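K.L.:
Please find one structure pasted underneath; my questions will follow.
The values are calculated or read from the model by the stated rules, or taken from the named source; none is laboratory data. Fair warning: this is a prediction, and the values are worked out from it, not measured in the lab. Glycine also receives a Cβ, built like all others from the backbone with ideal geometry; neighbour counts cover every protein chain displayed.
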Amino acid sequence: MKEIFTKEFRIFFGEDVLEQLAENLIENAYSKVFVLMDENTEKHCWPMLKPYLVDTFPIRIQSGEASKTIQTVQQVWTALQENFADRHALLINLGGGVLSDLGGFAAATYKRGIHFMNIPTTLLAMVDAAVGGKQGIDLDGHKNAVGVFKHPQEIFIYPAFLNTLPDVERRNGFAELSKHGLIKDSDFWLELVKTDEKKAENLDKLIYKSIKIKAAIVSKDPLEEGIRKSLNFGHTIGHAFETHSLIHDEKPLKHGEAVVIGMIAEAWLSKNLGWISEKELHAIKNYFLSRFPKYSAQPDFETLLVYMRNDKKNRNGQINFSLLKKIGKAKIDVNCSEEEIQHAIAFYYS
Ligand SMILES: NC(=O)c1ccc[n+]([C@@H]2O[C@H](COP(=O)([O-])OP(=O)(O)OC[C@H]3O[C@@H](n4cnc5c(N)ncnc54)[C@H](O)[C@@H]3O)[C@@H](O)[C@H]2O)c1
Ligand SMILES: [Zn+2]
């Protein structure tokens, strides 16, 4: 088992983390242990976790981004209250990013905050959502518009959960994993370029490297006042597409898929500023488009702008980006004009 310990959180990684979880629960003597899951993690992951726990209360919610709302949080609060969860209760979030975002928020606010742990079961949640202490929900379709900063007590990464993950979800996680290379570690990026993610035999190693990058950035800047903003590369334009797609598409873009659109467009902005070369820009585009199908809808630019103006990173009405200063290094707080943004999106579709 590997461990990444920072001042704020502890991550356990490997095949024997569930034994570790069981030990930690005994040491902590929580008054009650609740496990939040959706129908897929209940089917695929809960049977693997259950033998390690005693006397737990399952709470089930429906899978999918559409569940990441205050109504679902209320369901969780009610389930906690009806089962007499006191301030010494624990909530374990067993699932993908939707579960850890929502469960973390519910736990951080119930009785002014109870402890929670994350057991991510998707690639995206392992390398990104479950680590870093950002908990939140969507508001009227606006991504992560309401939330808090609060770290889980502990995070347990058990890669075997990925065995049942559909390919599309695996790819989805690869988007954020790749982002970590682009913004922080050029060697890691080059390793990824050579990797076929469908048969990556070294997936565990890639996951571990990616988590280390995220954990290091988060522990330097837990409240996102500086360097942590670099994790938002691809997310200004990506979130606008994601929001649009959630409202309009029968089968909405997944978070990672939307971030891929954003990373290609924002790589264009980086090239436009002279920070990465034309060749690097095309390498980034080819890398993603050979793994992710192109989004067929073309949302109206003005609508996307409205979503971008609502982005949390903005200040004084300017749309703020985290771009690539070079491969392996980000530059935060960059303003770009509407015309540049339009060009950047056109580059994605070209
Ligand atoms: N808080 C953060 O820092 C942060 C960072 C990145 C993303 N996010 C958020 O994470 C969310 C996306 O997370 P996600 O992609 O994990 O989505 P998700 O939680 O919706 O999971 C994707 C799907 O996989 C299913 N699933 C989960 N584990 C499975 C398993 N082991 N086997 C089979 N099926 C399984 C789920 O039921 C769901 O249908 C978005 O809401 C995004 O905003 C948050
Ligand atoms: Zn993301």
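K.L.:
In this structure, is Val127 more than 8 Å from ligand 1 (Cβ to nearest atom), in the same structural domain as Gln20 (by TED's automatic domain parsing), buried (at least 22 other Cβ atoms within 10 Å of the Cβ) and not small (Gly, Ala, Ser)?
P.N.:
On the way: more than 8 Å from ligand 1 (Cβ to nearest atom): yes; in the same structural domain as Gln20 (by TED's automatic domain parsing): yes; buried (at least 22 other Cβ atoms within 10 Å of the Cβ): yes; not small (Gly, Ala, Ser): yes.
Answer is yes for this residue.
K.L.:
Go through (1) crowded, with 21+ Cβ neighbours inside 10 Å; (2) of a type outside the set (Lys, Arg); (3) more than 23 Å from the chain's Cα centre (by Cα) and name the single condition Phe57 misses.
P.N.:
(1)
K.L.:
Also, I was wondering about something else. Considering each of Leu281, Leu269, Leu231 in turn, give the residue that is assigned to a helix (DSSP H, G or I) and in contact with a Cys (Cβ under 8 Å, 6 or more places away or on another chain). Steps first, answer last, please.
P.N.:
Working: Leu281 fails: in contact with a Cys (Cβ under 8 Å, 6 or more places away or on another chain); Leu231 fails: in contact with a Cys (Cβ under 8 Å, 6 or more places away or on another chain).
Being assigned to a helix (DSSP H, G or I) and in contact with a Cys (Cβ under 8 Å, 6 or more places away or on another chain) holds for just one of Leu281, Leu269, Leu231, which is Leu269.
K.L.:
Shifting gears a bit: Could you pull out the residue among Ile213, Ile183, Ile227, Ile207 that is surrounded by 15 or more Cβ atoms within 10 Å (Cβ to Cβ), modelled with pLDDT of 95 or more, in contact with an Asp or Glu (Cβ under 9 Å, 6 or more places away or on another chain) and among the aliphatic types (A, V, I, L, M)? Reasoning before the result, please.
P.N.:
Numbers: Ile183 fails: in contact with an Asp or Glu (Cβ under 9 Å, 6 or more places away or on another chain); Ile227 fails: modelled with pLDDT of 95 or more; Ile207 fails: in contact with an Asp or Glu (Cβ under 9 Å, 6 or more places away or on another chain).
Answer to the selection: Ile213.
K.L.:
I've got another one for you. Could you please find all residues in the range 152-172 being touching a residue at least 40 places away in the same chain (Cβ under 8 Å) and either in a loop (DSSP other than H, G, I, E, B) or within 7 Å of ligand 1 (Cβ to nearest atom) (or both)?
P.N.:
The first filter runs over the range 152-172 and keeps only residues touching a residue at least 40 places away in the same chain (Cβ under 8 Å), leaving 152-162, 164-165, 168-172.
Pro152, Gln153, Tyr158, Phe161, Leu162, Thr164, Leu165, Glu169, Asn172, listed by residue number.
K.L.:
Out of Phe116, Phe149, Phe156, report the one residue that is surrounded by fewer than 24 Cβ atoms within 10 Å (Cβ to Cβ) and aromatic (Phe, Trp, Tyr).
P.N.:
On the way: Phe116 fails: surrounded by fewer than 24 Cβ atoms within 10 Å (Cβ to Cβ); Phe156 fails: surrounded by fewer than 24 Cβ atoms within 10 Å (Cβ to Cβ).
Result: Phe149 is the single residue among Phe116, Phe149, Phe156 that is surrounded by fewer than 24 Cβ atoms within 10 Å (Cβ to Cβ) and aromatic (Phe, Trp, Tyr).
K.L.:
Can I ask one more? Could you list, in sequence order, the residues of the range 20-47 that are near ligand 1 (Cβ under 9 Å from one of its atoms) and not charged (D, E, K, R)?
P.N.:
Met37, Asn40, Thr41, His44, Cys45
K.L.:
Collect the residues in the range 61-109 that are part of a strand (DSSP E or B) and within 21 Å of Leu21 (Cα to Cα), keeping them in residue-number order. Walk me through it before giving the result.
P.N.:
So the first thing to find is which residues in the range 61-109 are part of a strand (DSSP E or B), and the list is 61, 90-95.
Correct list: Leu90, Leu91, Ile92, Asn93, Leu94, Gly95.
K.L.:
Can you spot a residue in the range 188-200 that is more than 10 Å from ligand 1 (Cβ to nearest atom), outside any strand (DSSP E or B) and within 17 Å of the chain's Cα centre (by Cα)?
P.N.:
Step one: filter the range 188-200 for residues more than 10 Å from ligand 1 (Cβ to nearest atom), giving 188-200.
Narrowing further to those that are outside any strand (DSSP E or B): 188-200.
Remaining after also requiring within 17 Å of the chain's Cα centre (by Cα): none.
No, the conditions are met nowhere in the range 188-200.
K.L.:
Can you name every residue in the range 288-297 that is part of a helix (DSSP H, G or I) and crowded, with 19+ Cβ neighbours inside 10 Å? Before the answer, list the steps.
P.N.:
Just the residues of the range 288-297 that are part of a helix (DSSP H, G or I), to begin with: 288-289.
Across the range 288-297, the qualifying residue is only Phe288.
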